[in-house]
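The values are calculated or read from the model by the stated rules, or taken from the named source; none is laboratory data. Please read these numbers as outputs of a predicted model, since none were measured by experiment. Cβ coordinates were reconstructed from backbone atoms using ideal geometry, including for glycine residues, and neighbour counts include every protein chain displayed.
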Amino acid sequence: MTTFDARPQAAIGSRPPAWLSSILVDGRPGECDAVFPFPRNATVEPACVATARRFVDQTLGTWGVVEAAFDLQLVVSELVTNAIRHGGGAAQLRILAHGSDLACVVTDHSRTVPVAAAPDVFSEYGRGLRLVDALCSAWGWLSAGGSRKLVWAVITG
């Protein structure tokens, strides 16, 4: 069973838009829907991030929406990196389009809630989710049951 998890102190995420929620919760395919399952032996390798960016580039090229590729690649890079660092590895990347909206969904191997770190100008890390928040119209996560979660982000075109 999929549940919404909303703890404002842990993250700045929100609920997915209705179109994305119905796809993720009800399990139906989207209009434009592409899935990349990360190979199990490579789910914690930094090379997964480059693979994810290439998947975004190829998918958006096929759909004819290349103008949004850079922003979506950046968001996907941050979410896959977080999955590797904090989520036990990236399991799957899903790219969806609905009208002028593009969404990415990264599934990882942990139920740990994403945390948007407090800004620190001296830190090398911790700005990823703030960057996602700045680029996206909405982002958040769903607990998918078991030991996995889905972290999603929507860019409105």
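Worth a mention:
- Check on residue 144, among the hydrophobic types (A, V, I, L, M, F, W, C), out of contact with any helix residue (DSSP H, G or I) (no Cβ under 8 Å at 6 or more places or on another chain) and over 26 Å from residue 29 (Cβ atoms): no
- Criterion (among the basic types (Lys, Arg) and within 20 Å of residue 138 (Cα to Cα)) met by exactly one of 15, 40, 28, 54: 15
- Residue 60 falls short on exactly one of the conditions (1) surrounded by 15 or more Cβ atoms within 10 Å (Cβ to Cβ); (2) over 15 Å from the mean Cα position of the chain (by Cα); (3) assigned to a helix (DSSP H, G or I); (4) at pLDDT below 95, and that condition is (4).
- Selection within segment 48-75 - touching a residue at least 40 places away in the same chain (Cβ under 8 Å) and closer than 23 Å to residue 115 by Cα: 48, 52, 71, 72, 74, 75
- When residue 14 is tested against (1) within 18 Å of residue 75 (Cα to Cα); (2) at pLDDT 85 or above; (3) under 15 Å from the mean Cα position of the chain (by Cα); (4) not hydrophobic (A, V, I, L, M, F, W, C), exactly one condition is not met: (2).
- Options 91, 117, 97, 52: the member that is within 25 Å of residue 15 (Cα to Cα), modelled with pLDDT under 95, buried (at least 17 other Cβ atoms within 10 Å of the Cβ) and over 10 Å from the mean Cα position of the chain (by Cα): 91
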